[in-house]
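Please treat every number below as a calculation from the coordinates, not as lab data. Predicted, not measured: the structure shown is a model, and the values here were computed from it. Ideal geometry is used to build each Cβ from the backbone, glycine not excepted, and the neighbour counts take in all protein chains shown.
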Amino acid sequence: MSFPLFEEFSKSHTVKDLIIERNDNTVVDGDENLSIQEVYNIFLENNLRCLPIYRSENGEKKYIGYITLFDLIPGDILKMLKEKMEDSNCDINEIIDNLDYFKQPVKNFLKEINLELKIITQDVTIRELINILCKYNHHCLVKNDNNEYEIITQVDLVNYLFNHIEKIDEELLDQQAKDCAGLVLKKAICNVEGRVSQEFFHDIKLLDFITISYKESALEGFLLMLEKKVECVGIIDKNDSIISVLTSGNVRGLNPDALKQFVKPVLPFLKNALDDIPEPYTCTENYTIIQLIKKLTYYQTRRLIVINKEDEPIGIVSMSDIVSSFNIEEFKKLD
């Protein structure tokens, strides 16, 4: 299938064009010897999803890895707390106060640089950038003309494409939420790259939308995220209606006092952490790409819960799914 408008645009424009159009976005990074507590604080202060980590060598920064919000969910600590809570004689507050977890250096938690966080040049085309951000994490590092690093995110890319919407073929823009929801996960299951016909996914059964009861603790919610490898779980009331969401972003700024709140029911936890209980952002199955981007941008969120005609949650459209929907590599067939 051919997309002449978008093919021409995405081949002739580069990361440098994107950087020129957007506001300054110099990378926020951290030294490998920062404590994990300092990293939690940096994520909160800068509203980050990813922090590149460097090692100082001869006065220069050498990027050696990165850490994401999902990595900051302290799985081992939460499992230990869950076990301790079953012992009525344990003082959870005392256990948390004596943890050395927050004092550890961040280098103990790193993911490998260039495995999911790419370092690219400014002459990478938009088409190549789409392919990179489909395959690797949600960010990449770019070395600019001043020999400094900037960070490009999926949000930057989607905003840039939306600003040049006249260069995108209608067939791409007509894609709907029901087509985009879970697209990245489906491709991973099928081991497919590039743009693939939806017919290949007819027999793919995704996990049901993950939810927890409002009576469950935040601790249970975060453990469920780790178990299911998702960054968002819905919170449902006694009628199974979604009333809020718990996300990996809720660990920004975590410290011992905040960790003590994890044992509370999830709604009081959110109220304490955010001074409010966030509403769930939803869309219907027939939302188009344009409508999805507008709503994601307006609410400054990375995901929308897809609701069917019966107002039941049937999946999630993420920013990663939107980026993947613009990947116009040739159609590929599964073996």
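Using the Cα centre of the chain as the reference point, and only Cβ charges (+1 on K/R, -1 on D/E), how large is the resulting charge dipole? Debye, rounded to the nearest 20. Don't skip to the end; give the middle numbers.
Values: 38 positive and 57 negative charges, 43 e Å.
It comes to approximately 200 debye.
Provide the FRET efficiency to the nearest 0.05 for the residue 171-residue 224 pair, computing r from the beta carbons and using R0 = 41 Å.
That pair, residue 171 with residue 224, gives E of 0.60.
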Q: Can you tell me the FRET efficiency between residue 329 and residue 279 if r is taken as the Cβ-Cβ distance and R0 is 45 Å, rounded to the nearest 0.05?
A: 0.80
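Can you tally the net charge around residue 98? Count Lys and Arg as +1, Asp and Glu as -1, for every other residue whose Cβ sits under 13 Å from the Cβ of residue 98. Spell out each step's value before the answer.
On the way: positive: 84, 103, 260; negative: 91, 94, 97, 100.
So the surrounding residues net to -1.
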Q.
Only bridges whose two residues both fall in the chain count here: according to DSSP, what percent of them are antiparallel, nearest 5?
A. 70
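Give a quick list of GluC sites (Glu not before Pro) in the range 1-104 that DSSP marks as loop, anything other than H, G, I, E or B, with at most 12 other Cβ atoms within 10 Å. Could you put the intermediate results ahead of the total?
Working: sites: 7, 8, 21, 32, 38, 45, 57, 60, 83, 86, 94; in loops: 32, 86.
Those satisfying the criteria are 86.
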Q: Mind sorting out which of (1) 50; (2) 59; (3) 45 is the real percent of Cα pairs over 27 Å apart computed from the coordinates?
A: (1)
Q. What is the Cα centroid distance between the range 163-182 and the range 251-313, reported in whole angstrom?
A. 24
Q. Using a Förster distance of 30 Å, how high is the FRET efficiency between residue 310 and residue 80, based on the Cβ-Cβ distance and rounded to 0.05?
A. 0.15
Q. When the scattering of the range 19-171 is computed by the Debye formula from its Cα atoms alone, each counted once and equally, what is log10 I(q)/I(0) at q = 0.09, 0.11, 0.15, 0.19 Å⁻¹?
A. -0.39, -0.55, -0.86, -1.19
**Q.** Calculated from backbone phi, Karplus (6.51, -1.76, 1.60) coupling profile of the range 13-19 in Hz, x at Gly/Pro
**A.** 10, 10, 4, 4, 4, 4, 4
Q) Summing +1 for each Lys or Arg and -1 for each Asp or Glu, what net charge is found among the other residues whose Cβ lies under 14 Å from the Cβ of residue 290? A) -3
Q: Would you grab the residues whose amide H sits under 5 Å from the one on residue 66? Only those 5+ places off in sequence or on another chain, please, with H modelled 1.01 Å from N.
A: 53, 111, 113
